[in-house]
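FYI, it's all coordinate maths here, none of it is from the lab. The structure presented is a predicted model; accordingly, all values stated were derived computationally and were not measured. Counting neighbours? That spans all protein chains shown, and the Cβs are built from the backbone with ideal geometry, glycine included.
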Amino acid sequence: MKLKEIIEYIDEKIPKSLALKSDEVGFKKDYDLEQDIATIKVYMDLLPEDDEYYENTLIITHHPPLFSPKTPTYTIHSNWDIIDGGANEALADTLDLDVIDYLDSDTHIGRICESNKTFGDLKSIILDNFKNVRIVNDLDDETPINKVGIISGFGLKNPDYIILSKNKNLDILISGDLTQETAILAKNLEITLIDLKHHESEIPGLYALKDVLKELDINIEIIDKRPIEDLK
């Protein structure tokens with residue numbers, strides 16, 4: 001299949017126009033759109049050491065690369081986080097939660113989910129699927145959980161999302177990138193935060209993206225390469 005045909009398909013399914021204005025999506029430089037593509041490799045983050053020139057290969061990254069890759073490389077970032085059925089819905093599915101609304105109604109970042117679980121039930125699901133989880137304001141296992149906020153990736157480093165979750169009467173906010181500042185804020189606001197880590201909270205979205213790309217009927221490989229600090 002021609003590279004241009006693949007990109008046309010992706011842009012139809014996950015429009016670049018949905019991305020935040022400051023976000024880098026799409027190609028970082030020009031590539032030959034007439035070349036044939038037989039394989040798609042999907043990365044969370046692409047490092048220079050991963051960019052051996054692969055013939056007939058398209059690389060798709062979730063995070064924009066910090067260099068100009070030799071291999072054709074296309075980024076699907078905040079548009080995949082924002083779109084209905086994208087990264088946030090994939091995370092909700094992993095957590096067995098039902099999405100009922102957007103967390104940030106202006107940008108459509110994050111989701112609000114309905115829950116009929118106890119905290120112990122939800123925590124068991126989380127610990128079965130994620131490692132090295134951090135919790136701020138741990139709850140009794142029998143505590144009923146009604147509404148949960150989720151943001152794939154970066155949500156716990158932004159104080160605004162902590163405050164927004166409290167204002168929307170959420171019981172818990174689940175995301176990644178917890179900081180000392182936001183942990184202290186959550187303590188003061190008495191809202192529970194669960195930090196899955198940035199990479200881990202977005203991995204379900206990479207596999208959901210693979211399902212979208214399957215319609216292209218070419219070989220697709222997910223490269224689940226953790227950040228260095230997770231390998232120590």
Here the percent of antiparallel bridges among DSSP beta bridges lying wholly in segment 87-196, to the nearest 5, is 65 percent
Calculating log10 I(q)/I(0) by the Debye sum over Cα atoms at q = 0.08, 0.14, 0.18 Å⁻¹ from this structure picks out, from (1) -0.26, -0.88, -1.55; (2) -0.27, -0.85, -1.34; (3) -0.31, -0.88, -1.29, entry (3)
Protection proxy ranking, peptides 96-106, 147-157, average beta carbon neighbours within 10 Å, highest first
147-157, 96-106
Of the options PHE154, ILE125, ALA87, report the single residue whose Cα projects farthest towards the positive end of the charge dipole of the chain (beta-carbon charges: Lys, Arg +1; Asp, Glu -1).
PHE154
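What does the charge add up to near ASN146, with Lys and Arg as +1, Asp and Glu as -1, over the other residues with Cβ less than 12 Å from its Cβ?
Taking every Cβ under 12 Å from that of ASN146, the sum is 0.
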If you line up the long axis of helix 119-129 against the longest principal axis of the chain, both from Cα atoms, how many degrees apart are they, to the nearest 10?
30 degrees
Dipole magnitude of segment 87-196 about its Cα centre, charges +1 at Lys/Arg Cβ and -1 at Asp/Glu Cβ only, in debye to the nearest 20?
280 debye
Kindly list the residues of segment 26-59 that lie in the label zone of GLU12, defined by a backbone N under 18 Å from the point 7 Å along the Cα-to-C-beta vector.
34, 37
Arrange the following residues from fewest to most other Cβ atoms within 10 Å of their Cβ: HIS198, HIS108.
HIS108, HIS198
With charges only on Cβ, +1 for K and R and -1 for D and E, what is the dipole size of segment 1-155 about its Cα centre, in debye, rounded to 20?
280 debye
In nm, spacing of pseudo-spin labels at ASP211 and GLN180 (7 Å Cα→C-beta vector):
4.1 nm
Counting just the Cα atoms, what span does segment 135-222 cover along each of its three principal axes? Round to the nearest Å and put the largest first.
51, 28, 21
Taking 129-137, 187-195 and ranking on average Cβ neighbours within 10 Å, highest first, one gets 187-195, 129-137
Relative compactness, segment 87-196, computed as alpha-carbon Rg over 2.2 N^0.38 Å
0.94
Sum of side-chain charges, GLU215 neighbourhood, beta-carbon under 13 Å (Lys, Arg +1; Asp, Glu -1):
-2
Point-to-point label distance, THR118-ASP106, nm (Cα→Cβ direction, 7 Å offset)
4.0 nm
How much length, in nm to one decimal, is gained on full extension between ASP36 and ASN146, taken as 0.36 nm per residue of separation minus their Cα-Cα distance?
34.6 nm
Can you tell me what share of the DSSP beta bridges in segment 18-102 is antiparallel? A percent to the nearest 5 is fine.
20 percent
